[in-house]
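One structure below.
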Amino acid sequence: MLRPFFTIFFTFCSSMIFSQEKNSVDRREFDLPSSIYKNYYKADSLLKIIEKKYSEVNKLYYSGKSYSMGHYNVPEKQKSYPVSYCLTSLNERFVLDKELNYKGRSFRAKMTFLEDSCYFNDYGEEKTERGLLKGNEFSYFHLPQNILKMIGKNKASLHLVDINSDYYSLGFNNSFGNKFYISVHKKTNLIRSLIQLQYDELYGDSHKEIIYSAYKKSIPYQIVVRENNFMSKELHLDSISVEKAFLATSRKEEKISIDTLSDGLFVLKLRDYNNKVLVSEHKAFLAVYEAPISIKIGNEIVLFLNKKFKNKPIKYCFLSHHHPDHAGAVGVFARQNARIVTTKGNVSYFDKLSKSSHTLEQQVPLFKDSVDYIIIDSLGEKSFFKNSSTSVVVYESGVTSNHTKEFLFFYFPNEKILFVGDLVVFPKEKILDQRSRAWSVYQLIYAKKLNVEKIYTSWPLKKQKEFGTVMDLKNALLKYYPELK
Ligand SMILES: [Zn+2]
């Protein structure tokens, strides 16, 4: 009887061992993302160092030789022709003007890179054609700054390939999936070369390479292009000129406009995002009410306010509730060391949003400190800036809002303005019958005996009145709350 017992016991144990092994494999698979993050963050930190080394240049003139290999008298024989290159980087456009001298005659070619397009005419061609960047992108990298721009547009593909005693190499893709590698001097953090793998019909697997050398500041005075280890171009810098960028009106400014509601109280209108933000100005600082949508939009708001209010620090950020269209940019204001006025149910969520990294898309500093919260208790109220002309009282009344468990209303007693997140709407064209959310606004005004002349909302912006009155609110409620009559 012992034998079957042992057999069963052994089978049981081996299956335990097996399942343990299986578990450890699973765990290793689970660990994988952290190593990917580790590699990416290392590459990103190196990229930041490289970026600091390069400054914008806009016009560089090079001259040298272009090599051709063709139907000559022995295999792989090359001949060279004098060329001059002018590299212009201006107004988001990169232009490569080329001139080649062949048997005493000069031929011109031009490539213009703009976003995902490349416009070009080859030597001797009159017509400019519009083509995809794909297949032409290598020429874009004559300027090492363009490599950094391309990586910036394709951050998720950035990775560290190798570090040795003299160089480190990073890899990235462009949006067409072409693979590039750069090798960077460890001492100077300047790009030494860029390599692209490519297939050659004759030679098979091969590569193209641009080698930058003889740097002065961020400009390589020598550029060599090699294809499959054959010399293709040899260029040296002749001169640099600076052209003035035309004064493009910034899209960022157009996206946001500001209206003055009273001395020290403003509303920002975010047209592209159908959203509004209230701003109060005080002697030494600003306060914002709502932080809509995302880090990107938060950055735009901060840039706008810094310009408009001459870098007055934003010391308070009041958030009505946690929904992204009202609080998605909280991390931007937390990083500005603004005190975040909210309710306790939002703290861990806002912590998470504030401490997240955004290197794949956005430029925000890494989060260092802890977030400074001012918590408004359930059904509580708190006054701020009592000595300022723009004082504000915050009321928590989430249970009535029928929207979120916790909700803050902002009342400006001097201006008789109530600022409400998204519980009520005031369309321009008609009265829209509204129910419990709008009712909660009315309830608050009534319960707290607020003297309200104007109700401003943060969402939406389009097709809405500038503000609603208490009468507008009543009219919107009459259908479902006839007792209001
Ligand atoms: Zn909401």
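Take the conditions surrounded by 14 or more Cβ atoms within 10 Å (Cβ to Cβ), in contact with an Asp or Glu (Cβ under 7 Å, 6 or more places away or on another chain) and of a type outside the set (Gly, Ala, Ser) and apply them to VAL394. Does it pass?
Spelling it out, VAL394 is indeed surrounded by 14 or more Cβ atoms within 10 Å (Cβ to Cβ), in contact with an Asp or Glu (Cβ under 7 Å, 6 or more places away or on another chain) and of a type outside the set (Gly, Ala, Ser).
Would you say HIS321 is within 16 Å of the ligand (Cβ to nearest atom) and either over 23 Å from the mean Cα position of the chain (by Cα) or at pLDDT 95 or above (or both)?
It is true that HIS321 is within 16 Å of the ligand (Cβ to nearest atom) and either over 23 Å from the mean Cα position of the chain (by Cα) or at pLDDT 95 or above (or both).
Residue-by-condition table, conditions (1) at pLDDT below 95; (2) of a type in the set (A, V, I, L, M, F, W, C):
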position	(1), (2)
SER388	yes, no
VAL393	no, yes
PHE407	no, yes
VAL441	no, yes
LEU450	no, yes
LEU477	no, yes
LEU484	yes, yes
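Condition test on VAL57, is it modelled with pLDDT under 90 and not in a helix (DSSP H, G or I)?
Working: modelled with pLDDT under 90: yes; not in a helix (DSSP H, G or I): yes.
So VAL57 passes the test.
Hey, can you tell me all the residues within segment 370-420 that are within 16 Å of the ligand (Cβ to nearest atom) and more than 18 Å from GLU290 (Cα to Cα)?
Those that are within 16 Å of the ligand (Cβ to nearest atom) and more than 18 Å from GLU290 (Cα to Cα): VAL399, THR400, ASN402.
Taking segment 148-194 as the search range and keeping residues that are basic (Lys, Arg) and within 21 Å of ARG226 (Cα to Cα), which one is surrounded by the fewest Cβ atoms within 10 Å (Cβ to Cβ)?
Looking at the filtered set, the residue picked out is LYS179.
Answer yes or no as to whether VAL452 is touching a strand residue (DSSP E or B) at 6+ places or on another chain (Cβ under 9 Å), away from the ligand (no atom under 16 Å from the Cβ) and not in a helix (DSSP H, G or I).
yes
Looking at (1) in contact with a Ser or Thr (Cβ under 8 Å, 6 or more places away or on another chain); (2) away from the ligand (no atom under 16 Å from the Cβ); (3) in a loop (DSSP other than H, G, I, E, B), which is the one condition that is false for GLN443?
Unmet for GLN443, out of (1) in contact with a Ser or Thr (Cβ under 8 Å, 6 or more places away or on another chain); (2) away from the ligand (no atom under 16 Å from the Cβ); (3) in a loop (DSSP other than H, G, I, E, B): (3).
Which condition number does CYS118 fail, the rest of (1) modelled with pLDDT of 95 or more; (2) crowded, with 19+ Cβ neighbours inside 10 Å; (3) not acidic (Asp, Glu) being met?
All conditions are met except number (1).
Yes or no: TYR373 touching a strand residue (DSSP E or B) at 6+ places or on another chain (Cβ under 7 Å), modelled with pLDDT of 95 or more and over 22 Å from LEU418 (Cα atoms)?
yes
In segment 75-128, what residues are among the acidic types (Asp, Glu) and either touching a residue at least 24 places away in the same chain (Cβ under 8 Å) or touching a Cys at 6+ places or on another chain (Cβ under 9 Å) (or both)?
Restricting attention to segment 75-128, the residues satisfying the condition of being among the acidic types (Asp, Glu) are 76, 92, 97, 99, 115-116, 122, 125-126.
Matches in segment 75-128: GLU76, ASP97, GLU99, ASP116.
Take the conditions touching a residue at least 24 places away in the same chain (Cβ under 8 Å) and among the hydroxyl-bearing types (Ser, Thr, Tyr) and apply them to SER378. Does it pass?
Here the answer is yes, as SER378 does meet what is asked.
Please go through segment 340-362 and give me each residue that is buried (at least 18 other Cβ atoms within 10 Å of the Cβ) and more than 30 Å from PHE172 (Cα to Cα), ordered by number.
Within segment 340-362, ILE340, VAL341, THR342, THR343, ASN346, PHE350, ASP351 qualify.
Cβ-Cβ below 7 Å, separation at least six or inter-chain, first residue in segment 388-412 and under 13 Å from HIS326 (Cβ atoms) and of a type in the set (S, T, N, Q), second modelled with pLDDT of 95 or more and more than 12 Å from the ligand (Cβ to nearest atom): which pairs?
SER401/SER440
The values are calculated or read from the model by the stated rules, or taken from the named source; none is laboratory data. Note that the coordinates shown come from a computational prediction; the quantities given were computed from them, not determined experimentally. Counting neighbours? That spans all protein chains shown, and the Cβs are built from the backbone with ideal geometry, glycine included.
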